[in-house]
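Trainee: I'd like to ask you about the structure that follows.
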Amino acid sequence: MELKLKLEQLHQRVNGLKDQINTEEATKNAFVMPFIQILGYDIFNPTEVIPEHICDIGTKKGEKIDYVIKKNNEPILIFECKHWKENADAHNSQLHRYYHVSKARFGVLTNGTIYNFYSDLEKPNIMDEKPFLTIDLEDLKDGSIKILESFTKNEYNLENILDSAEALKYIKAIRKEFEKEIENPSDEIVKLLVNRFFDKPLTASRMATFKEYAKKALSISINESISYRLKSALNINEKLEKQEETKINPIDDNIDANKVITTEEELDAFHIVKAILREKITADRIAPRDTQSYFGVLLDNNNRKPICRFHFNTVNKYVELFHNGKDAGEKTQISNLDEIYGFRNQLHQTLETY
């Protein structure tokens, strides 16, 4: 995907320059303008990309929008920019005011790394409180990039974007409510589930008990689903490796899909490491890789970016860490899986080396 490649290149640029970017204006010039250019708009054409566009708001005269994007001489996007160190969610009141007096249907609030896209799906000409789309250069998602393609100069289509925006908004809201129920089941969801098989009155004490049961049941169901998908992914990875072994000389040449057995203990260890790494990166960047001699955890499913390895196939169990470099693995013996939590700093340090 060409757009994703360009965004990844911009992310590299942002990471390489941000420590030298000390002002909001520099953030706009170094990060935001390249983003607008990636969308296909001519940043050197002041009739298409208008910087510091004057926007009178009531009695306030001379207020300025950072950028207004026009197509066919009609405003389609307004950008409000902040310094890259600022929270991209903390200043939407200013964008809200600009949006109200603008003819554009979409507003973008950004710090050069995170781009929050807003519209007026709830009330006409009044910007929604929450964005319908977020593009995070550090966590690019294919689904979000697909929506972003509709904002490019060549693909811009107002109706398509509004349809997608509404879907994204309500899917995000439903997902948020579902996650709340998993974390702390409400009385309503407990009653809905329990009344299907329990025909006695739900007293306060029974409700408290069933809430705990529901929380555990939901957690077990999700974990088992993840475990099943993980095992499927492992099988797919092994098949792909076998297909490509004639083309690529893998670093781990001891992989034999027919002899590899993934144990529950290895999967439990993987889930612990994944939970630790989720503090720094997204789940889709954490990949398992089982071999005959060890179970590995990779960054971006790249053999050249090992995060750790589990050597559980002998009497003594070892965890191999790579915080000193991918070619300097360091094994530490453990007596139980809970000791893996003690490697949190080393695991985070490994991420920083890549």
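Here is a yes/no grid of residues against (1) assigned to a helix (DSSP H, G or I); (2) at pLDDT below 90; (3) among the small types (Gly, Ala, Ser); (4) surrounded by 12 or more Cβ atoms within 10 Å (Cβ to Cβ):
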{"position": "Gly40", "(1), (2), (3), (4)": "no, no, yes, yes"}
{"position": "His53", "(1), (2), (3), (4)": "no, yes, no, yes"}
{"position": "Glu80", "(1), (2), (3), (4)": "no, yes, no, yes"}
{"position": "Gln94", "(1), (2), (3), (4)": "yes, yes, no, yes"}
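Quick grid of which residues meet (1) within 23 Å of Ile261 (Cα to Cα); (2) in contact with a Ser or Thr (Cβ under 9 Å, 6 or more places away or on another chain); (3) open to solvent by less than 50 Å² (accessible area, probe 1.4 Å):
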| residue | (1), (2), (3) |
| --- | --- |
| Ile286 | yes, no, yes |
| Asp290 | yes, yes, yes |
| Asp300 | yes, no, no |
| Phe312 | yes, yes, yes |
| Val319 | yes, yes, yes |
| His323 | no, yes, yes |
| Lys326 | no, yes, no |
| Asp338 | yes, no, no |
| Thr353 | no, no, no |
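Trainee: A further question follows. Report every pair of residues separated by at least 6 positions or lying on different chains whose Cβ atoms are under 8 Å apart, first residue within region 297-315 and within 18 Å of Arg278 (Cα to Cα) and modelled with pLDDT of 90 or more, second part of a loop (DSSP other than H, G, I, E, B) and open to solvent by 70 Å² or more (accessible area, probe 1.4 Å).
Mentor: Leu299/Tyr354; Lys305/Lys326; Lys305/Tyr354; Pro306/Lys326
Trainee: Can you name the number of the only condition in (1) under 24 Å from the mean Cα position of the chain (by Cα); (2) small (Gly, Ala, Ser); (3) crowded, with 17+ Cβ neighbours inside 10 Å that Ala173 fails?
Mentor: Condition (3) is where Ala173 drops out.
Trainee: Which one of these does Leu158 not meet: (1) among the aliphatic types (A, V, I, L, M); (2) surrounded by 20 or more Cβ atoms within 10 Å (Cβ to Cβ); (3) more than 30 Å from Ser219 (Cβ to Cβ)?
Mentor: Here Leu158 clears every test but (2).
Trainee: Looking only at residues that are open to solvent by 90 Å² or more (accessible area, probe 1.4 Å), of a type in the set (D, E, K, R) and within 30 Å of Thr262 (Cα to Cα) in region 192-235, which one is modelled with the lowest pLDDT?
Mentor: Out of the qualifying residues, it is Arg229.
Trainee: Right, here's the next one. Quick check on my filter: what residues within region 131-149 are free of Cβ contacts under 8 Å to residues at least 60 places away in the same chain, closer than 18 Å to Gly40 by Cβ and over 11 Å from the mean Cα position of the chain (by Cα)?
Mentor: Leu133, Lys146, Ile147 - these are the residues of region 131-149 that are free of Cβ contacts under 8 Å to residues at least 60 places away in the same chain, closer than 18 Å to Gly40 by Cβ and over 11 Å from the mean Cα position of the chain (by Cα).
The values are calculated or read from the model by the stated rules, or taken from the named source; none is laboratory data. The structure presented is a predicted model; accordingly, all values stated were derived computationally and were not measured. Cβ atoms come from the backbone with ideal geometry, glycine included; neighbour counts cover every protein chain shown. Side chains are part of the model used for accessible areas, which takes the heavy atoms of the whole protein and leaves out ligands, DNA and RNA. Shrake-Rupley method; radii C 1.70, N 1.55, O 1.52, S 1.80 Å.
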